[in-house]
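Structure first, then comments.
Please treat every number below as a calculation from the coordinates, not as lab data. Predicted, not measured: the structure shown is a model, and the values here were computed from it. Neighbour counts are summed over all protein chains in view; Cβ atoms, including those assigned to glycine, are modelled from backbone coordinates with ideal geometry.
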There are 2 protein chains.
Amino acid sequence: MDSDIDDLKTLFTAKPRPTSWAERRARMDEICAIDPPPADIVFTPFAIGGIPAEWSLAPERDAARVLLYFHGGGYCAGSIGSHRAMVGGVGKLAGIRTLAIDYRLAPEHPYPAALEDALAAWRFLGEQGYTPQSIAIGGDSAGGNLTLALLLRLQALGEPLPAAAWLVSPWLDLQMTGATLDSKADIDPLISRDYLTGLATAFLAGHDPADPAVSPLYADFTGLPPVLIQVGSSETLLDDAVRVAGALGAAEVHATLEIWPRMIHAWMLWSGRLADGQAASARAGEWLCRALRPKLSQQERDG
Amino acid sequence: MDSDIDDLKTLFTAKPRPTSWAERRARMDEICAIDPPPADIVFTPFAIGGIPAEWSLAPERDAARVLLYFHGGGYCAGSIGSHRAMVGGVGKLAGIRTLAIDYRLAPEHPYPAALEDALAAWRFLGEQGYTPQSIAIGGDSAGGNLTLALLLRLQALGEPLPAAAWLVSPWLDLQMTGATLDSKADIDPLISRDYLTGLATAFLAGHDPADPAVSPLYADFTGLPPVLIQVGSSETLLDDAVRVAGALGAAEVHATLEIWPRMIHAWMLWSGRLADGQAASARAGEWLCRALRPKLSQQERDG
């Protein structure tokens, strides 16, 4: 807890972004994982079909409830490793297990490869005996996009939905029409319109960016479970978060939006050194714990 | 807890709104106070200068922290009595005292009479020894408008601000440009564009509705303390809540927006019979308790 958000902003602004996908991925793993996860969490790598996956569980937590998590990285970078501390940390705070996956990345694997892998991970949890009501799904940035895309796909298939969804700094509009893409450009050290445009081009590979399957902001959210959205106020993607809260509300979905002052894209990645990363993780943990709590019957509630 | 929101919707839709101000005020007191407050809360009426006021305090709560509350009613109706159960109930859940006032109402007392009374109540708390950091302010509907208007006035005067602000179903745009004023018109049993137009005319008495002092949505919120906004998804005023969250975030303010499915305008008034009124009140109580908690120093936090 000895670092301030301004130190991180300076650190990230000082380093120019590399150009090759391999270098970008290496850099993302490096800058996202500068602090280790809490020492008492047990991480267990395995595979779901060909998809690399990893459980996390801290001592005395409830292995019967789980957060299925999709890392960010613009659908082109990021990994289980880059997000290990954040995902494991929030799972510990929520008192539950987590499952992270290395879904396939663009440009080698454009849409819908990631969604297929996300669906496979969801099905795997069902095979392990998890009921939909014992599962929350979530993700940051492109992982927030994938979270909503999976919910919409499950709904289209007529399948039961998980109990809740958690979105951190979600990237939900691949047409990039949010006003904060410009108004916050000077203070966001990580995410620019140009950067997102390159990622979208690689991920879409010609697919229509207005399709709600890739830009969930344009979907009809009627019938979705409760959604928690957390975003920093220093983000170019702030408007994606605010707009999706409005769209969820318009569709009568239980939506909670938290805007954290001065925080940057997916700032909970740096909770090891950032008090407001730890505080936001704690809030997410509480919310997930509550959302996955066994529902009381009317009788139990009155009694 | 034996009533559903649909029962309330039916009840309110069935009763035509009276036309005289006296009848409207009587009806609002009647429909808002259909259930008594929790029996263990002590309410103490008094006056601040000529302004009727009322303390509430439940047993074993902290009288050194306080919520200053402004009732709703379009600046033309509502009272300490209409909102007693809601305000006292949330104060009890937050573990603090509350202070409610009967600020002057339009059309007899248009803008800025209510703001002057709100400022007088704020000053009174200071005279009683409350520091700004031990005070939260809040209100529903027009009371949410008055809450932000008071914050902006204090800021313009260069005075310290309270620790937090709580807005329930706030009415923040007297130009009425929110899209949900039309898109939710069919399902909102309480608040229509016509109704709001009449209230705005009475309150403004010729004042410009674009002035941020009466339409705080258009204010610069830089420097405000954390704000919790709670709104129902069946409200014509949903967009005022979503838009103010975005505007607060754009100004780097800590904003939390909760959208509650199927809930109607200021539904926490009916917490005595509505499980989601009680649940939303509990969330507000938690949030206020946390916002008013003594701040730890960096050393205490690390230690």
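Restricting attention to the stretch B:243-254, and to residues there that are under 18 Å from B:Ser215 (Cβ atoms) and not in a helix (DSSP H, G or I), which single residue is nearest to the other protein chains (Cβ to nearest Cβ)? Among residues in the stretch B:243-254 that are under 18 Å from B:Ser215 (Cβ atoms) and not in a helix (DSSP H, G or I), the one nearest to the other protein chains (Cβ to nearest Cβ) is B:Val253. If you scan the stretch B:140-183, which residues turn out to be away from every other protein chain (no Cβ under 14 Å) and at positive phi? B:Ser141, B:Gly158, B:Met176 - these are the residues of the stretch B:140-183 that are away from every other protein chain (no Cβ under 14 Å) and at positive phi. For A:Ile259, are the conditions met, namely being crowded, with 21+ Cβ neighbours inside 10 Å, touching a residue at least 60 places away in the same chain (Cβ under 8 Å) and either facing chain B (nearest Cβ under 10 Å) or touching a Pro at 6+ places or on another chain (Cβ under 8 Å) (or both)? No, not satisfied.
Taken together, the residues in the stretch A:1-26 that are in a helix (DSSP H, G or I) and surrounded by fewer than 16 Cβ atoms within 10 Å (Cβ to Cβ) amount to 11.
Does A:Ile191 satisfy being under 25 Å from A:Ala291 (Cβ atoms) and either in contact with a Leu (Cβ under 7 Å, 6 or more places away or on another chain) or hydrophobic (A, V, I, L, M, F, W, C) (or both)? Judged against the criteria, A:Ile191 is not a match.
Filtered by the rule that a residue be of a type in the set (Ser, Thr, Tyr) and within 20 Å of the chain's Cα centre (by Cα), the stretch A:184-219 gives A:Ser192, A:Tyr195, A:Thr197, A:Ser215, A:Tyr218. If you go through the stretch A:242-256 and pick out every residue that is among the aliphatic types (A, V, I, L, M) and either within 26 Å of A:Thr197 (Cα to Cα) or crowded, with 24+ Cβ neighbours inside 10 Å (or both), you end up with 6. Contact annotation: residue pairs with Cβ atoms under 8 Å, 6 or more positions apart or on different chains, pairing a residue in the stretch B:27-49 that is part of a loop (DSSP other than H, G, I, E, B) with a partner that is charged (D, E, K, R), are B:Ala33/B:Arg84; B:Ile34/B:Arg273; B:Asp35/B:Arg273; B:Pro37/B:Arg84; B:Pro38/B:Lys92; B:Asp40/B:Lys92; B:Ile41/B:Lys92.
Considering A:Leu67, A:Leu125, A:Leu146, the condition of being in a helix (DSSP H, G or I), closer than 21 Å to A:Val253 by Cβ and aliphatic (A, V, I, L, M) is satisfied by A:Leu146 alone.
Picking from residues in the stretch A:268-279 that are touching a Ser or Thr at 6+ places or on another chain (Cβ under 8 Å) and either at the interface with another protein chain (Cβ under 7 Å from one of its Cβ atoms) or not aliphatic (A, V, I, L, M) (or both), the one that is surrounded by the fewest Cβ atoms within 10 Å (Cβ to Cβ) is A:Arg273. Counting the residues of the stretch B:187-241 that are surrounded by fewer than 18 Cβ atoms within 10 Å (Cβ to Cβ), assigned to a loop (DSSP other than H, G, I, E, B) and of a type in the set (Ser, Thr, Tyr) gives 2. For A:Gly78, indicate whether it is part of a loop (DSSP other than H, G, I, E, B), under 18 Å from A:Gly144 (Cβ atoms) and either touching a residue at least 24 places away in the same chain (Cβ under 8 Å) or of a type outside the set (Val, Ile, Thr) (or both). The answer is yes for A:Gly78. The residue pairs whose first member lies in the stretch B:220-243 and is on the phi > 0 side of the Ramachandran plot, whose second member is outside any loop (DSSP other than H, G, I, E, B), and whose beta carbons are closer than 7 Å, counting only pairs six or more residues apart or on different chains, are B:Gly223/B:Gln155. If I filter the stretch A:141-148 for residues that are out of contact with any His (no Cβ under 7 Å at 6 or more places or on another chain), of a type in the set (Gly, Ala, Ser), buried (at least 24 other Cβ atoms within 10 Å of the Cβ) and over 17 Å from A:Ser271 (Cβ atoms), do I get at least one hit? Yes, the stretch A:141-148 contains at least one residue that is out of contact with any His (no Cβ under 7 Å at 6 or more places or on another chain), of a type in the set (Gly, Ala, Ser), buried (at least 24 other Cβ atoms within 10 Å of the Cβ) and over 17 Å from A:Ser271 (Cβ atoms). Among the residues of the stretch A:227-242, just one is facing chain B (nearest Cβ under 9 Å), under 16 Å from A:Thr147 (Cβ atoms) and out of contact with any helix residue (DSSP H, G or I) (no Cβ under 6 Å at 6 or more places or on another chain), namely A:Ala241. Among the residues of the stretch A:106-151, those identified as over 14 Å from the mean Cα position of the chain (by Cα) and under 21 Å from A:Gly206 (Cβ atoms) are A:Ala106, A:Pro107, A:Glu108, A:His109, A:Pro110, A:Tyr111, A:Pro112, A:Ala113, A:Glu116, A:Asp117. Exactly one of these conditions fails for A:Asp208: (1) within 12 Å of chain B (Cβ to nearest Cβ); (2) farther than 22 Å from A:Ala163 by Cα; (3) acidic (Asp, Glu). Give me its number. Going through (1) within 12 Å of chain B (Cβ to nearest Cβ); (2) farther than 22 Å from A:Ala163 by Cα; (3) acidic (Asp, Glu) one by one, A:Asp208 breaks only (1).
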